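Remarks on the structure that follows.
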């Protein structure tokens, strides 16, 4: 342990000894003199950071398996012919989840990403064992009982809470508190999607918006450890060429105009989605105040009633994007997925239920892309793979339109598909979606949610 720490300290020490740079590798100001010493870099606790990543992956695995088991039980019971199973599961699970939020850990509402950002900006938000266990339990209840939210939000906050626990245990941890918390959050994203690069970029692009050697190295170590452990637990292999459920795509020159249109549509749709979320959160706070058992319970009931009216294949939202891509579901099915996912995801998130928006954003984006790709297919006979290509590009584009992190969106879809043919289409659509989104409804959704939370406390 000590030898590893000394190794990384020596690497950073060499960086700080280079003339013209500060301890974080940035250029010194013009007024600096040769006699001034560069800012010393804080030592990185390598083993502790790796431990945060490994434990975060283990927690993400528990969350995934528990949600899968509860969801399978819900679907199995609903197939017995009792139409009230899905609404009942949603309501009871939502009420129990709301009780945890209201009485044990109010800081675990929503995805958890705004809370992590608030902590990194100095807000007094709890990041410890209580918030970790509460987020895990409430996440299992909300996601397993049918609310169509994502696992990545809870795993981000769980990873940050794990890092907060390590900070409180380590005497030197306070010096690296922000780095530990950010790295733990990135590890949560890396574990949820088996996407270590996306985890690192997410830390820099969204959480801290600061590039320094300490942030990059700590996040890189945690995300590498989390993604490695997640692959071993989930796939029992580290073979990157396997375990992908997405088809290989081909990019044609004729696709470019349609990809630009897709980016515009996703940017506008993402802005509308963000506006609905913010307005909904504002009204929920006025109507329900802190009555999370009622608001989340009603959201679970509405979600259950909605999916009861849909085909059996849509009773579990977790795998819908796989039905869209590579299975030629048709325009009617894709339009149904888009409209229902958009509506139920908004209701679920506004209720305050613990759950993320990354997963639903990928599903909504896939449906949007498929609809446009299928339209292109009728115009260009050579674009035989247009629905799949556009569905995958739409995943990143809508994600970028919502979270305003185009590089993270590009990398995360690339890492889960492992298809180099998607890089150019993804870069094109995510950048267009980001630009259009900023013109229509500027600012990251998570920044707006944090500001909304701050204003409600005044």
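Just so it is clear, none of the values below were taken in a lab; they were calculated from the coordinates. Since the model is a prediction, treat every value here as computed from it, not as a measurement. Because the Cβ atoms are built from the backbone with ideal geometry, glycine has one as well, and the counts that use them run over all protein chains shown.
Here are a few things to note about the model shown:
- Distance between the pseudo-spin-label points of residue 439 and residue 83 (7 Å out from Cα toward the beta carbon): 4.6 nm.
- Cα gyration tensor shape of segment 107-172, rounded if a/c is under 1.5, else prolate or oblate by comparing a/b with b/c: prolate
- The alpha carbon gyration tensor of segment 46-234 gives principal lengths a ≥ b ≥ c with a/c of 1.5 or higher and a/b greater than b/c, which makes the shape prolate.
- Estimated distance in nm for a label pair at residue 305 and residue 58, the labels positioned 7 Å out from Cα along Cα-to-Cβ: 4.3 nm
- Cα-based shape type of segment 253-452, given that a ≥ b ≥ c are square roots of the gyration tensor eigenvalues and the cut on a/c is 1.5: oblate
- Residues 368, 375, 214 in ascending order of nearby Cβ atoms (within 10 Å, fewest first): 375, 214, 368.
- Per-residue extension of 0.36 nm, minus the Cα-Cα distance of residue 291 and residue 170, leaves a gain of 39.8 nm for this segment.
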